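For reference, the structure discussed in these notes is given below.
Just so it is clear, none of the values below were taken in a lab; they were calculated from the coordinates. Here the structure is a predicted model, which is why all the values come from computation and not from measurement. Methodologically, a virtual Cβ is constructed for each residue, glycine included, from the backbone with ideal geometry; neighbour enumeration extends over all protein chains shown.
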Ligand code: GLU
């Protein structure tokens, strides 16, 4: 029996694209369980009023889930424990580079590699620090960004695969993003780390989410292997677009569920509109 989840970040109001994603996860749970998780690790961008609005909008759509809802901001100790395990095995290292230093370092390299999503691949500067340099910088700066040593991690796991409902079996290629950040200086975790800890803690067996997160699964599969977690199945679905072909975004006021409601539309009309999208079943 599938256990699925919808895991929004409360950084704005839900729009038609979210309604589609939430409904897809709800329906994919069939006779199993559909969970709601609030991904609120970023204290600057996430707001409690958006969490309340998300819950209200999903209820309005007719969705139900077991309580309590997992709020990531209340589980920072779980993410810290997972990071400690990786640290004990020498698989993460502290990075002291500022964004500017990373940009400058990349410019010095003739062909600075970029990941699929356009982000710069970290050039590995701090990986080469000695143990005493690390200790000295940590003592002086008080905190650091923690990065996963992808090459060392992959040496431990060997080849990895995951199953996607649309693409079939996929071989993990975690090196795509370089040494990703697992814990930020200001937030002691990251999207990648908290998602895999939570999917494991909540017993999620099928992750449904938009295609924009497909590449992240390469990293998630590696982290699951390192931490001894089972790998769920995945369904990376299409992203809804408006009539001009543009993806819905939280800033598009007209597409928010609140706005549909204020215009007097019913939940049935929203559900029909989101599933009317021509490519919505893949
Ligand atoms: N919190 C992420 C978002 O709102 C989704 C994470 C996931 O489904 O893995 O885009």
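Take the chain, connect every pair of alpha-carbon atoms lying under 10 Å apart with a spring to form a Gaussian network, then pick out the residue of 128, 218, 163 with the largest mean-square fluctuation.
For the chain, modelled as a Gaussian network with Cα springs under 10 Å, the answer is 128.
Output the 0 to 90 degree angle, nearest 10, between the alpha-carbon long axis of helix 216-227 and the longest principal axis computed from the alpha carbons of the chain.
With both axes taken from Cα atoms, the answer is about 60 degrees.
Report the antiparallel proportion of the DSSP beta bridges in the stretch 1-147 as a percent, rounded to a multiple of 5.
In the stretch 1-147, DSSP labels about 40 percent of beta bridges as antiparallel.
Mind checking the angle between helix 48-60 and the chain's longest principal axis? C-alpha axes, 0 to 90 degrees, to the nearest 10.
Helix 48-60 and the main axis of the chain meet at about 40 degrees.
Fewest Cβ neighbours within 10 Å first, please rank 187, 204 accordingly.
187, 204
Between residue 80 and residue 127, 0.36 nm times their residue separation minus their Cα-Cα distance comes to what?
Stretched out fully, the residue 80 to residue 127 stretch lengthens by 14.9 nm.
When only Cα pairs under 8 Å and 6 or more residues apart are kept, what is the percent relative contact order across the stretch 1-48?
With pairs under 8 Å counted, the relative contact order is 58 percent.
Suppose only helical runs count, i.e. DSSP H with n ≥ 4. What mean residue ellipticity at 222 nm does that imply for the chain under -39500 (n - 2.57) per run, divided by all residues and rounded to the nearest 500 deg cm²/dmol?
-11000 deg cm²/dmol
Build a GNM of the chain with springs between Cα atoms under 10 Å: which of 138, 35, 160 gets the top mean-square fluctuation?
In this elastic network of the chain, the residue with the biggest mean-square fluctuation among 138, 35, 160 is 138.
Report the antiparallel proportion of the DSSP beta bridges in the chain as a percent, rounded to a multiple of 5.
50 percent
Give me the number: length gained by fully extending residue 211 to residue 184, i.e. 0.36 nm times residue separation minus the C-alpha to C-alpha distance, one decimal in nm.
Taking 0.36 nm per residue and subtracting the Cα distance, the gain is 7.2 nm.
Roughly how many nanometres apart are two label points built 7 Å out from the Cα toward the Cβ at residue 262 and residue 109?
Here the modelled spin labels are 4.7 nm apart.
If you find the alpha carbon centre of the stretch 201-270 and of the stretch 40-88, how far apart are they in angstrom?
First find each Cα centre; the distance between them is then 15 Å.
Nearest 10 degrees, 0 to 90: what angle lies between the long axis of helix 99-108 and the longest principal axis of the chain (Cα atoms)?
70 degrees
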